[in-house]
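The values are calculated or read from the model by the stated rules, or taken from the named source; none is laboratory data. Remember, predicted model here, so these are calculated numbers, not experimental data. Quick reminder, even Gly has a Cβ in these numbers, built from the backbone with ideal geometry, and neighbours come from all protein chains shown.
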Amino acid sequence: MTQALQPVSVAIGDLAAHPANVRAQSPEAYASDTIAHLKASIAVLGLLQPLLVQQIDGKFGVLAGGRRHAALMELVADKAAKGVTSRTKIDCRLVPDDCDVTTALSLAENITQAPMNAIDEFEAFARMMEVDGQTPETIAKTFGTTVAAVKGRLRYGLIHPEIRAAARAKAITLDVMKAFADHPSQEVQKEVFDALTKEGSYLQAYTVRNALKSRGVQVSDDIGAFVRKDYEARGGAIAADLLDEHSVLEDSTLVETILIEKLTAAAEEARAEVGFAWADAVIRYDYAAMAEFGRVYPGPVEPDESGQQRVDEITAELEKLEREMENEDLADEAYNALYERVDALEAEARDLQEAYSIADLARSGVIATWAQGKISLHVGLVRPEDQPERSGNAPGTSVDEGATDSDEITYPASLTEDLKTERAMALGAAMTMHPEATLDLTLFKLVTDVLTSGMGVTQAIKVDARQEYRTHVKMDEIDGTSLEQVASAHDALDLSWADDAKSPADQFAQFRALDAHEKAKLVAYATAATTQSCLARDRQRDSLMHDFEIEVMPDIRAHWTPNAALFNRFKKAWLLKILGEELGLTQEAVTLASSTKKEVVAFCDKLFAEPFATLTDAQRAAVAAWCPPMMQTSGTEPFEALGAEPTEGETEVAEAA
C-alpha cells in the first residue's frame with residue numbers, strides 16, 4: 001500500500017472495536033488490571049501515540065491501539081478523571097476503505113516495536129527524578145505502578161555508568177549489575193567492580209553483595225537502624241541514596257563501636273538487676289568459643305507475703321485467660337494478644353518463685369549479643385576459670401549445682417489425664433491395624449472372664465460393647481493421626497450385614513457368613529472403641545496388655561505426633577530442656593532462650609511436623625522417636641539422641657528467662 005495514512009481527530013465516543021484487530025479474540029488484553037498503567041499514563045501525559053482507525057458502520061473501528069482505546073473508555077467512565085469525556089477528541093490515523101492489508105497493519109504495530117531494554121527503563125526513571133524533579137509517588141501515578149516498583153528501578157538507574165555499560169555489553173548479567181545498588185556511592189561501586197574484575201573472573205551477584213558489606217552498613221539493616229541516631233550524632237559519614245532506606249553508614253568501625261556500647265549497657269543493666277558478678281558483650285554469640293562456659297540456673301524460693309499474693313493473682317488470671325483462649329470464635333489478633341499476656345504473666349510468676357543462689361551469683365555473669373535484629377541476653381554463664389573442679393567433669397559440661405527440681409519436666413494432673421486420652425486413641429488405632437491379634441485378645445478376655453475365677457485377665461478393655469467416652473480439654477487441637485487411621489479402618493469394614501430392616505437373627509446369619517479376616521476387622525474396630533484412657537503399662541500389674549501393646553504398637557509415633565496443643569501446655573523451660581538435652585539441639589535451645597514461649601512453641605511444632613533438613617542423623621532420629629515418657633509403649637527403652645557419652649557443650653541448655 002503506497003497511500004499515506006491521513007491524520008484525523010475522532011471523539012472517543014465515536015470509536016469502536018474493529019474485527020480485523022489482531023487482539024480482537026483476546027479480551028484478557030483489555031482487562032482493567034492489564035491496562036492500569038496505560039490508563040494512568042494517558043491521564044497524566046495524554047495519548048502519546050495516535051490510534052489506527054478505519055470507518056465501519058458509521059463508526060471509527062480501532063484497527064491498532066485497542067488497549068489504548070480500552071484505557072480511554074475507562075477514563076470516560078471514571079468520575080474521578082477530569083477532562084476526559086465521550087466528546088473528547090484524540091489523534092488518529094485513518095486507514096482508507098479500500099485498504100487490502102488491514103490485518104497486516106494491525107499486526108505490524110503490535111509486533112514491530114522492540115521491547116524496551118531494562119537498563120534504559122532504569123535510567124529513564126532516574127532521570128525523571130534528577131532532571132525533571134519528580135518523586136517516586138508522582139512517577140508511580142504516571143505509570144500506574146507501585147511506589148516500591150519505582151524505587152527499585154531508580155536504584156538500578158543510578159549505578160555507576162561503567163557498570164551499566166558492562167551489563168549492556170553482556171560482560172556481566174543484569175542480576176550482577178543490580179547487586180551493586182546495595183551501596184549508593186558510585187565511587188565505592190566502581191572500586192569494588194574494578195577489584196572483582198581485575199583477574200577477569202566471572203562475577204556473581206552474591207560475591208558483589210558480600211564485597212559491598214565490608215564498605216558500610218545500610219540504614220535499613222537491623223544494626224544500621226539500631227545505631228543510626230547515635231552514629232549521626234557522632235558525625236559518622238553517610239553515603240546518601242536517593243531513597244533514604246538504601247543509604248549506607250560508611251564508617252563500619254564506628255557502627256561496631258556504638259553497637260558494642262549498647263550491648264555492654266544492656267548486659268550491665270541485667271547484671272545489676274539480678275546481681276551477677278560480671279557482664280560482657282560480643283556482637284555475635286560464638287557457640288564454639290562458649291563451649292567451655294558453664295551455666296547456673298535459678299532455683300525455687302518462697303515468695304514473701306506480698307509476692308505470694310501476687311502469685312495467687314497471676315494464677316487466677318491465667319486460669320481466666322486459658323478459658324478465654326478456648327473460644328473457637330476468637331479472632332487471631334485477639335488470640336495472639338491473650339497469648340502474649342499469658343507469656344508475660346508466666347514470666348512474672350517465675351521471677352517471683354525462682355532466684356539464683358548467692359554462691360551462683362558470685363561466679364556467674366551475663367553476655368549480651370546481637371541476634372535476630374535485637375539484643376539477646378545469655379544469663380547465668382560461668383567462665384571456665386570460675387567453674388568448680390569436679391572429677392569426671394568433661395570440658396563444656398554445664399554447671400549444675402544451681403540447677404534444682406524446677407528444671408525437671410513435670411506433668412500436671414490435667415495434662416496427664418489428657419495424655420492418657422491421646423494414648424488410648426493411639427492404641428485403638430494400632431488395634432484396628434492388627435485385627436487378628438485384637439480378635440484373639442478380645443475372645444480370650446471374654447472366655448477367661450466367664451470361664452475362670454478371679455478379677456479377670458485385664459481391666460484395660462471393655463468387652464461389654466460400650467464405646468468408651470473420651471474427654472480432652474483441647475480435643476480440636478490435638479494431632480489427628482489416630483482419628484484418621486480409625487476412620488480409614490471404619491471405611492474398610494464390611495457392614496452389609498448391619499441392616500436395621502432385618503431381624504437380629506438374619507443379621508447374625510449374614511455376619512456368620514463373613515470370612516474370618518472380615519470378622520477380625522469388625523471385632524478389632526469394636527474392641528478398639530472400648531480402650532480406656534491409659535498411660536504406659538506396668539508389667540507387674542497388667543502383663544497381658546503390656547506385651548500386647550509392644551506387639552501392636554511398638555512405636556506410638558506411628559499413630560500420634562506431638563504438636564502445638566501439647567507444647568502450649570509445657571513451660572518454656574521444659575521445652576528448652578527437651579530441645580537441648582533430649583533432642584540434641586543445644587544451639588537452638590540457647591538461641592531460643594531469649595525468645596517468647598509462643599516462638600518456642602511454634603519452633604517445636606514446625607520441627608515435629610516436618611523435621612528440618614539441617615538436622616544430623618542423630619537429631620533426626622531423636623525427633624522421630626520423642627514423646628512424653630509415659631506415652632511410649634511399656635518396656636521401650638528411651639531414645640538416646642547423643643549416645644551414651646555427651647559431647648562437648650551438649651549438656652548445656654538455655655535458661656528460660
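Residues in segment 11-34 that are modelled with pLDDT under 80 and among the aliphatic types (A, V, I, L, M): ALA20, VAL22, ALA24, ALA29. Would you be able to say whether some residue in segment 577-595 is of a type outside the set (Lys, Arg), on the phi > 0 side of the Ramachandran plot and assigned by TED's automatic domain parsing to the domain that holds CYS627? Looking for residues that are of a type outside the set (Lys, Arg), on the phi > 0 side of the Ramachandran plot and assigned by TED's automatic domain parsing to the domain that holds CYS627, one finds at least one in segment 577-595, hence yes. If you go through segment 136-152 one residue at a time, do you hit one that is over 32 Å from the mean Cα position of the chain (by Cα), part of a helix (DSSP H, G or I) and at pLDDT 85 or above? Looking through segment 136-152, none of the residues is over 32 Å from the mean Cα position of the chain (by Cα), part of a helix (DSSP H, G or I) and at pLDDT 85 or above. Kindly evaluate ASP230 against the criterion of being at negative phi, of a type in the set (Asp, Glu), surrounded by fewer than 20 Cβ atoms within 10 Å (Cβ to Cβ) and within 29 Å of the chain's Cα centre (by Cα). Here the answer is no, as ASP230 does not meet what is asked.
Annotation note: of GLN372, GLN387, the sole residue that is modelled with pLDDT under 90 and within 30 Å of PHE226 (Cα to Cα) is GLN372. Conditions: (1) within 37 Å of the chain's Cα centre (by Cα); (2) closer than 23 Å to ALA43 by Cβ. ARG155 meets all but one. Number of the miss? It is condition (2) that ARG155 fails.
Within segment 586-627, the residues that satisfy the criterion of being among the hydroxyl-bearing types (Ser, Thr, Tyr) and part of a helix (DSSP H, G or I) are THR586, THR591.
Of all residues in segment 87-98, those being under 10 Å from VAL10 (Cα atoms) and either in a loop (DSSP other than H, G, I, E, B) or of a type in the set (Ser, Thr, Tyr) (or both) number 2.
Annotation: of all residues in segment 271-324 being of a type outside the set (Phe, Trp, Tyr), in a loop (DSSP other than H, G, I, E, B) and closer than 27 Å to THR257 by Cβ, the one that is modelled with the highest pLDDT is ALA277. Only one entry of SER41, SER32 meets the criterion of being out of contact with any Gly (no Cβ under 6 Å at 6 or more places or on another chain), farther than 14 Å from LYS89 by Cα and not in a helix (DSSP H, G or I), and that entry is SER32. Report yes if some residue within segment 223-239 is closer than 29 Å to ALA165 by Cβ, in contact with a Ser or Thr (Cβ under 7 Å, 6 or more places away or on another chain), in contact (Cβ under 8 Å) with a residue 12 or more places away in the chain and not hydroxyl-bearing (Ser, Thr, Tyr); otherwise report no. Yes, there is a match, as at least one residue in segment 223-239 is closer than 29 Å to ALA165 by Cβ, in contact with a Ser or Thr (Cβ under 7 Å, 6 or more places away or on another chain), in contact (Cβ under 8 Å) with a residue 12 or more places away in the chain and not hydroxyl-bearing (Ser, Thr, Tyr).
Among the residues of segment 353-361, is there at least one that is surrounded by fewer than 15 Cβ atoms within 10 Å (Cβ to Cβ), without any contact (Cβ under 8 Å) to a residue 40 or more places away in the chain and farther than 19 Å from ARG271 by Cα? No, segment 353-361 contains no residue that is surrounded by fewer than 15 Cβ atoms within 10 Å (Cβ to Cβ), without any contact (Cβ under 8 Å) to a residue 40 or more places away in the chain and farther than 19 Å from ARG271 by Cα. Does segment 316-326 include one or more residues that are out of contact with any strand residue (DSSP E or B) (no Cβ under 6 Å at 6 or more places or on another chain), in contact (Cβ under 8 Å) with a residue 60 or more places away in the chain and within 30 Å of ILE478 (Cβ to Cβ)? Yes, because at least one residue in segment 316-326 is out of contact with any strand residue (DSSP E or B) (no Cβ under 6 Å at 6 or more places or on another chain), in contact (Cβ under 8 Å) with a residue 60 or more places away in the chain and within 30 Å of ILE478 (Cβ to Cβ). Whenever a residue of segment 603-628 is over 25 Å from GLU477 (Cβ atoms), its partners that are among the small types (Gly, Ala, Ser), lying with C-beta atoms within less than 7 angstrom and at least six residues away or across chains, give the pairs ALA618/GLY584; ALA618/ALA641; GLN619/GLY584; GLN619/ALA641. Taken over segment 265-310, the criterion of being surrounded by 15 or more Cβ atoms within 10 Å (Cβ to Cβ) and among the hydroxyl-bearing types (Ser, Thr, Tyr) is satisfied by TYR285, TYR297. The helices (runs of 4 or more DSSP H) located wholly in segment 423-526 that include 1 or more residues which are out of contact with any helix residue (DSSP H, G or I) (no Cβ under 7 Å at 6 or more places or on another chain), at pLDDT 70 or above and over 24 Å from TRP560 (Cα atoms) occupy 435-451, 504-513. Among the residues that make up segment 85-101, is at least one of them surrounded by fewer than 16 Cβ atoms within 10 Å (Cβ to Cβ), modelled with pLDDT of 85 or more, on the phi < 0 side of the Ramachandran plot and among the basic types (Lys, Arg)? There is at least one residue in segment 85-101 that is surrounded by fewer than 16 Cβ atoms within 10 Å (Cβ to Cβ), modelled with pLDDT of 85 or more, on the phi < 0 side of the Ramachandran plot and among the basic types (Lys, Arg).
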